[in-house]
1. Across region 168-187, which residue is most open to solvent (accessible area, probe 1.4 Å) among those that are more than 16 Å from V200 (Cβ to Cβ) and without any contact (Cβ under 8 Å) to a residue 24 or more places away in the chain?
2. For region 182-203, name all the residues that are basic (K, R) and closer than 19 Å to F108 by Cα.
3. Pairs please, first residue from region 46-71 and in contact (Cβ under 8 Å) with a residue 40 or more places away in the chain, second anywhere and hydroxyl-bearing (S, T, Y) and open to solvent by less than 60 Å² (accessible area, probe 1.4 Å), Cβ atoms under 7 Å, 6+ apart in sequence or on different chains.
4. Just to verify a result, which residue in region 78-103, among those that are open to solvent by less than 30 Å² (accessible area, probe 1.4 Å) and in a helix (DSSP H, G or I), is nearest to D206 (Cα to Cα)?
5. Residues in region 133-148: is at least one small (G, A, S), part of a helix (DSSP H, G or I), surrounded by fewer than 17 Cβ atoms within 10 Å (Cβ to Cβ) and in contact (Cβ under 8 Å) with a residue 40 or more places away in the chain?
6. Return yes when E111 is open to solvent by 30 Å² or more (accessible area, probe 1.4 Å) and either touching a residue at least 12 places away in the same chain (Cβ under 8 Å) or more than 23 Å from I269 (Cβ to Cβ) (or both) and no when it is not.
7. For residues in region 39-70 being among the hydrophobic types (A, V, I, L, M, F, W, C) and open to solvent by less than 30 Å² (accessible area, probe 1.4 Å), which is farthest from D187 (Cα to Cα)?
8. Can you find even one residue in region 217-227 that is within 19 Å of G266 (Cβ to Cβ), open to solvent by less than 20 Å² (accessible area, probe 1.4 Å) and not hydroxyl-bearing (S, T, Y)?
Amino acid sequence: MYQFPLFNITRPRQRFFVFVALPAICLAGALVVFGLWSLWVTAENSDAATRDRQVREVRLAIGATLDELAQSQAGIAIWDPAFAEVSKREPDLDWLDQNVGTWLNYVFNHEIDIIVDGQDRPLYAMENGVRVNPEILMGVQKGVAFLITEARGRSSAPANPHERLPNQKIHPQSTVRTSPVAVHATDLVDIEGKVAAASVMRMMPDSQIAGDTTGTEPLLISIRYLNTSLMQHLQRERGIVGARVTKSPAIESSAMQSVALSSWDGEPIGYFTWRPEMPGQAILRSVLLQGGVALLALLGLLAALTASVGRLMSKDAKSIRRLEEARLELQATETQALYLPTMTR
């Protein structure tokens, strides 16, 4: 009768390999694969959670920058002496240097501050702590034009969470830090190819209430570029490495991560790019390095144990074979002993 080859196992080494070594190897391999898969999934989940947390931190930091920008403006824009000075036919530029431009730059890190009159004509400007020609407004006007329109009350667009617009309710999720007296439009903008936080606030006496404004007051325009102080803050305080604003997203194969930046109305203006933390990958590399040594030692122990069992099985098979041969010899001898008396009679 024909036997299937898999079950036609007669040699001890074959039986040992099929019934001992092969199952042990398969079990060890399955455990290793399962362990590596579990580590990889855990590392990926950990890294994804870290990236999501850093994205939230970035968005919170950008929102805080917008709120701080408007808050810092309010101390100057809503102030009797400043309003009186910019309302003059010829404002004292040295006074504005000392009490407006230098103050906002030195204390609050404003890169650009511009004051325009009721007809949006530039009166005064300071850039990086130095008084400059007010015509600098022409270079930034394209980026802040919609903010000027909103601050004047010529737009019906609803307020975003960082601003107080005239005749508009504040956003339901508002994080604004200015008092209800302030009137300002605040958002992310593109200034000559650079992403910036910008705020345009009506200037008024601090004794005046918001309802008394007409929209023809002087305006204070303040700008902070995201690629400067904000990036330093994110790296120093939040541990976000390599933070910068780019015009295009990071390549997928690189170690960098990008998040799209846009104004509140959805206008794309760039990408926030950084090198995300990868704690899962670091742990995975550490475990593979240390666990690899332990795995090799375990496999060596398993191989030694398997070899020992194999030798024992081989010895047992030889002993059984010798016993079988002895039994057959004894049986033959007994048969011969029983047969001889019958031959002699």
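1. Going through the qualifying residues, I end up with K169.
2. Result: R202, single match.
3. Note: pairs meeting the criteria are L66/T186; L69/T186; L69/S199; L69/S222; A70/T178; A70/T186; A70/S199; Q71/T178.
4. Per the criteria, the residue is A82.
5. Within region 133-148, one or more residues are small (G, A, S), part of a helix (DSSP H, G or I), surrounded by fewer than 17 Cβ atoms within 10 Å (Cβ to Cβ) and in contact (Cβ under 8 Å) with a residue 40 or more places away in the chain.
6. Considered against the rule, which asks whether it is open to solvent by 30 Å² or more (accessible area, probe 1.4 Å) and either touching a residue at least 12 places away in the same chain (Cβ under 8 Å) or more than 23 Å from I269 (Cβ to Cβ) (or both), E111 comes out as no.
7. It comes out as A43.
8. Checked against the condition, which is being within 19 Å of G266 (Cβ to Cβ), open to solvent by less than 20 Å² (accessible area, probe 1.4 Å) and not hydroxyl-bearing (S, T, Y), region 217-227 yields at least one hit.
The values are calculated or read from the model by the stated rules, or taken from the named source; none is laboratory data. On a predicted model such as this, the values are computed, not experimentally measured, just so you know. Note that we place each Cβ from the backbone using ideal geometry, even for glycine, and neighbour counts take in every protein chain shown. Surface areas here come from the heavy atoms of the whole protein model, side chains and all, with no ligands, DNA or RNA. Shrake-Rupley method; radii C 1.70, N 1.55, O 1.52, S 1.80 Å.
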